[in-house]
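The values are calculated or read from the model by the stated rules, or taken from the named source; none is laboratory data. Predicted model only: the values in this text are computed from it and were never measured. Counting neighbours? That spans all protein chains shown, and the Cβs are built from the backbone with ideal geometry, glycine included. When the accessible area is computed, the model is the full protein with side chains, heavy atoms only, and any ligands, DNA or RNA have been set aside. Shrake-Rupley method; radii C 1.70, N 1.55, O 1.52, S 1.80 Å.
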Amino acid sequence: MAEPVEIAIIGAGMGGLAAAGALLQQGIRVRVYEQTEQFLRIGAGIQMSANAMKVLRALGLEERLRATAFQHRARRHRDYDTGRIQSEFDMLKVEGKFGAPHLMMHRADLHSALLSKVPMERIELGKKLIGLDQDDDGVRLRFADGTEARAGAVIAADGIHSVAREAIFGPEQPRYTGRIAYRSTFPAALLGDLDLGDVATKWWGPDRHIVMYYITAQKDEAYFTTSVPEARPDLESWSLKGDMDELRAAFADFHPDVRHFLAACPSAHKWPIYDRDPQRNWGKGRVWLLGDACHPMTPYMAQGAASAIEDAAVIARCLADAGETGLDQAFAIYEATRKPRASRIQSLSHLNKRDWMRADINAPDTAPKEKAEPDWVYGYNAWTDNLIKPELLETRAS
Ligand SMILES: Cc1cc2nc3c(=O)[nH]c(=O)nc-3n(C[C@H](O)[C@H](O)[C@H](O)COP(=O)(O)OP(=O)(O)OC[C@H]3O[C@@H](n4cnc5c(N)ncnc54)[C@H](O)[C@@H]3O)c2cc1C
């Protein structure tokens with residue numbers, strides 16, 4: 001880099017840690033500031049699709065994740081009451097077609113894997129960002145504990161309620177979608193004779209759904225997530241307890257397997273589901289957003305963390321090239337490369353279509369080109385696909 005600045009990363013979630021690991025790999029100095037005092041193992045599963053796995057592979061994490069995660073054979077859509085199989089997609093094709101597996105895992109296992117790529121002396125816990133100011137030389141960060149820090153530039157990966165986003169663009173509440181995700185992980189032994197099999201099943205009710213699958217290679221931990229209407233959300237929190245009676249009542253007319261599954265589940269957390277429309281700019285000056293901070297999306301395509309991880313790879317590539325282009329241009333290339341793709345996924349995810357993948361992957365040759373291209377989500381490789389060329393950058397409004 002022309003200026004060997006230290007980059008501050010705000011937030012040690014999936015996006016922040018992936019960015020820290022990727023930047024360190026490029027020889028760029030980073031310091032991560034995370035509000036949490038301690039990382040907790042909250043019960044949630046996560047899917048890492050082939051596009052995300054290609055980045056995780058380049059970070060040296062593929063073998064570790066393959067060893068612990070569950071690789072499902074198929075994704076199945078079923079009627080909520082009769083259990084009729086509406087469609088089934090062969091997930092084992094994914095690896096051959098897109099060059100990486102699609103793995104289901106505990107969120108904490110993914111987080112620990114990413115954390116293993118960032119030395120702890122690079123991470124400051126208990127640092128809740130409350131504000132920032134920038135000048136020509138860099139950025140001053142202010143934290144809730146009264147301390148301050150300076151950095152040459154900032155990558156803000158502080159999630160959907162990003163303080164950094166508000167600092168540079170002003171306040172704007174995310175949109176509550178009117179839906180709740182209950183989620184839990186629990187020992188599969190509690191399921192008794194109910195075997196989820198080698199499939200991830202999405203049960204579709206008239207106005208709600210539930211997805212169930214294993215999240216460990218040994219199939220000894222089960223996971224579910226839901227989308228249930230709820231007019232008014234409680235405050236979003238990673239530790240909001242769900243009421244099990246309410247949850248079971250919400251699925252009382254579902255298939256016996258779903259009811260059995262929820263009866264076995266001892267407890268759940270609930271997440272109000274928020275999103276935003278794609279936003280015009282992802283940063284200003286020396287402060288740039290990444291992950292949910294700039295493109296929060298509903299979870300229906302399982303692409304939120306995957307997109308954050310893609311961002312991490314691209315921003316690391318751009319900053320590694322900044323020796324020739326300078327920081328301003330590096331960030332502009334990052335935004336121009338990432339925004340069209342992330343915005344497209346964000347918009348499609350918002351539709352909560354059951355067949356976005358099926359329609360794309362199994363589309364007949366006669367389908368419109370958009371639908372006949374199966375590759376655009378999973379086929380993407382954030383490490384190798386072209387970055388926007390500097391001469392194609394739009395003139396950005398200041
Ligand atoms: C029900 C559900 C299921 C999902 N399933 C999937 C899936 O299968 N696959 C997938 O790819 N995605 C999935 N997602 C989306 C995914 O969880 C998010 O997109 C992803 O966590 C975004 O990562 P991030 O690093 O940008 O933000 P976050 O994960 O929100 O991390 C932000 C980090 O910043 C910290 N922070 C926040 N504010 C501050 C501050 N002021 N100062 C310092 N630190 C701060 C937080 O403590 C946190 O550590 C799902 C989401 C939901 C709700």
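With 10 Å bins beginning at zero, the pair-distance distribution over Cα atoms of the chain amounts to 5, 23, 33, 25, 11, 3, 0 %.
By a 1.4 Å probe calculation restricted to protein chains, T36 has an accessible surface near 50 Å², given to the nearest 10.
Per residue, the average separation of C-alpha pairs within less than 8 Å and at least 6 apart gives the chain a relative contact order of 21 percent.
Per residue, the range 198-324 exposes 35 Å² of solvent-accessible protein surface, assessed with a 1.4 angstrom probe and all protein chains in place.
Its DSSP H runs of at least 4 residues, each contributing -39,500 (n - 2.57), put the calculated 222 nm mean residue ellipticity of the chain at -9000 deg cm²/dmol, to the nearest 500. Surface composition of the chain: carbon plus sulfur atoms contribute 48% of the solvent-accessible area (1.4 Å probe, protein chains only, all chains present). For the chain, a Gaussian network of Cα nodes joined below 10 Å ranks A252, A342, A316 by mean-square fluctuation, and the top entry is A252. Solvent exposure of the range 106-151, expressed per residue, is 49 Å² of accessible area, with all protein chains present and a 1.4 angstrom probe. Taking a span of 18 Å or more along the helix axis (Cα atoms) and a mean Kyte-Doolittle hydropathy of at least -1.0 as the rule, the DSSP H helices of the chain that qualify are 304-320, 327-350. The loop-placed chymotrypsin sites (Phe, Trp or Tyr not before Pro) in the range 185-274, going by DSSP, that have at most 15 neighbouring Cβ atoms within 10 Å of their Cβ come out as W238.
Computed from backbone phi, the HN-Hα couplings of the range 280-287 come to 5, 10, 9, x, 8, x, 10, 10 Hz, rounded to whole numbers (Karplus: 6.51 cos²θ - 1.76 cosθ + 1.60, θ = phi - 60°; Gly and Pro given as x).
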